[in-house]
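Report on the following structure.
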Amino acid sequence: DGGITQSPKYLFRKEGQNVTLSCEQNLNHDAMYWYRQDPGQGLRLIYYSQIVNDFQKGDIAEGYSVSREKKESFPLTVTSAQKNPTAFYLCASSARAGQGALEQYFGPGTRLTVT
Amino acid sequence: AQTVTQSQPEMSVQEAETVTLSCTYDTSESDYYLFWYKQPPSRQMILVIRQEAYKQQNATENRFSVNFQKAAKSFSLKISDSQLGDAAMYFCASTAWGPGTYKYIFGTGTRLKVLA
């Protein structure tokens with residue numbers, strides 16, 4: 001079955017530690033996205049990538065980093081510079097603009113708690 | 001900046017009744033796409049319905065339909081014959097594409113409660 005996987009579902013870290021969230025898709029999508037979701041707020045875009053080896057900052061990129069070495073994978077690192085890292089993180093993918101159905105497909109999310 | 005606004009933080013509907021969720025958006029693009037996503041308690045985002053802006057006909061998916069008013073930049077979701085399983089957060093979203101930019105913008109969501 002095609003889809004997006006995120007692991008782990010729950011992640012706990014101590015303040016000051018970097019942590020990497022995994023996102024893998026087998027939908028053959030070119031574009032991948034990372035969102036942060038906080039209570040009472042919608043989805044806020046952290047980073048996105050339209051193609052391998054290229055990515056762009058979203059609206060709240062400070063304190064986060066990404067890589068896109070493979071089409072299937074788009075890991076997100078939450079660094080110690082992120083002031084409020086505790087949140088629910090969603091990964092999504094879509095076909096590239098002009099190349100098919102344009103809705104985003106989402107992974108199940110990772111709940112990160114930093115204490 | 002492109003924006004998507006959902007002015008109803010919470011709505012309630014009686015089972016089997018009809019409810020309409022509101023969404024307004026602002027875009028300078030002539031071609032764009034609009035979406036409604038559902039997020040149940042599991043937090044898995046699920047696409048409910050999609051509308052291409054160049055299509056005048058309102059999209060319909062079973063009990064879900066939209067009222068797309070392009071001039072007013074309004075995109076409301078109507079749920080008919082509401083079921084207990086429809087209880088969820090609903091997010092309105094729009095493509096936000098520009099030169100070298102391919103993003104999606106989401107509203108803050110509407111929590112829908114379905115009363116038995």
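The values are calculated or read from the model by the stated rules, or taken from the named source; none is laboratory data. These figures come from a predicted structure and were not determined experimentally. Ideal geometry is used to build each Cβ from the backbone, glycine not excepted, and the neighbour counts take in all protein chains shown. The accessibility values were calculated without ligands, DNA or RNA, using every heavy atom of the protein model including side chains. Shrake-Rupley method; radii C 1.70, N 1.55, O 1.52, S 1.80 Å.
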At 1.306 mPa s and 10 °C, Stokes diffusion of the range B:57-111 via Kirkwood alpha-carbon radius, µm² per second: 121 µm²/s
Among B:Phe64, B:Phe91, B:Phe75, residue whose mean-square fluctuation peaks in a GNM of chain B (springs only between Cα atoms under 10 Å): B:Phe64
Portion, in percent, of the accessible area of the range A:36-115 that falls on carbon or sulfur, probe 1.4 Å: 46 percent
Fluctuation leader among B:Ser76, B:Ser30, B:Ser22 - chain B, Gaussian network, Cα springs under 10 angstrom: B:Ser30
In the B-A interface, the accessible area buried, summed over both sides, Å² (probe 1.4 Å): 1900 Å²
Calculated diffusion of the protein assembly as shown, Stokes-Einstein form, Kirkwood radius summed over Cα pairs, 10 °C and 1.306 mPa s, µm²/s: 87 µm²/s
Whole-percent carbon and sulfur share, accessible surface of the range B:1-85, 1.4 Å: 44 percent
Average accessible surface area per residue within chain A, 1.4 Å rolling probe, Å²: 47 Å²
Average accessible area per residue (Å²) across the range B:63-116 - probe 1.4 Å, nucleic acids and ligands excluded: 40 Å²
Full-extension gain in nm, B:Leu115 to B:Gln56, via 0.36 nm per residue minus C-alpha separation: 17.9 nm
Three principal axis lengths of the range A:50-115 [C-alpha, angstrom, descending]: 42, 23, 21
Charged-residue dipole, Cβ positions (Lys, Arg, Asp, Glu), the protein assembly as shown about Cα centre, Debye nearest 20: 380 debye
Built amide H within the under 5 Å cut-off of A:His29, gap 5+: none
Options B:Ala72, B:Leu47, B:Gln14, ranked by Cα towards positive dipole end of chain B, top entry (Cβ charges): B:Leu47
Euclidean distance of C-alpha centroids, the range A:17-93 and the range B:61-116, integer Å: 23 Å
Exposure rank, largest accessible area first [A:Met32, B:Met89; 1.4 Å]: B:Met89, A:Met32
Inter-probe distance in nm under a simple model that places probes 7 Å from Cα toward Cβ, at A:Asn84 and A:Glu62: 1.2 nm
Unit charges at the beta carbon, dipole of the protein assembly as shown: most positive-side option, A:Thr5, A:Phe106, A:Ala87: A:Ala87
Table column - 3J(HN,Hα) (Hz), the range B:8-22, Karplus curve with 6.51, -1.76, 1.60, x for Gly and Pro: 10, x, 8, 9, 10, 9, 7, 3, 6, 8, 10, 9, 10, 9, 9
Greater than 21 Å apart at Cα, pairs in B:Lys38/B:Lys113; B:Lys38/B:Lys103; A:Lys71/B:Lys103; A:Lys71/B:Lys55; A:Lys57/B:Lys103; A:Lys57/B:Lys73: A:Lys71/B:Lys55; A:Lys57/B:Lys73
Under-5 Å amide H pairs with B:Tyr32, H placed in peptide plane, nonlocal only: B:Ala53, B:Tyr54
Long-range amide H partners of B:Ala96 with built H, under 5 Å: B:Lys103, B:Tyr104, B:Ile105
Under the Karplus curve 6.51 cos²θ - 1.76 cosθ + 1.60, θ = phi - 60°, whole-Hz ³J(HN,Hα) for the range B:87-102, x wherever Gly or Pro sits: 4, 4, 8, 10, 10, 8, 9, 9, 5, 9, 9, x, x, x, 10, 9
Percent of beta bridges antiparallel (DSSP, chain A, rounded to nearest 5): 90 percent
Surface accessible to a 1.4 Å probe, B:Tyr102 within the full protein complex, Å²: 70 Å²
Check: chain A dipole with +1 on Lys, Arg Cβ and -1 on Asp, Glu Cβ, in debye: 300 debye
Ellipsoid equivalent to chain B - semi-axes via the Cα gyration tensor, in Å: 25, 15, 12
Integer Hz, Karplus 6.51/-1.76/1.60 couplings in order for the range B:46-61, x for Gly and Pro: 10, 6, 9, 7, 9, 10, 8, 5, 7, 8, 7, 6, 6, 6, 9, 9
Computed E for A:Asp54/A:Thr115 - FRET, C-beta separation, R0 35 angstrom, nearest 0.05: 0.50
Anisotropy class of chain A from Cα gyration tensor, a/c 1.5 cut: prolate
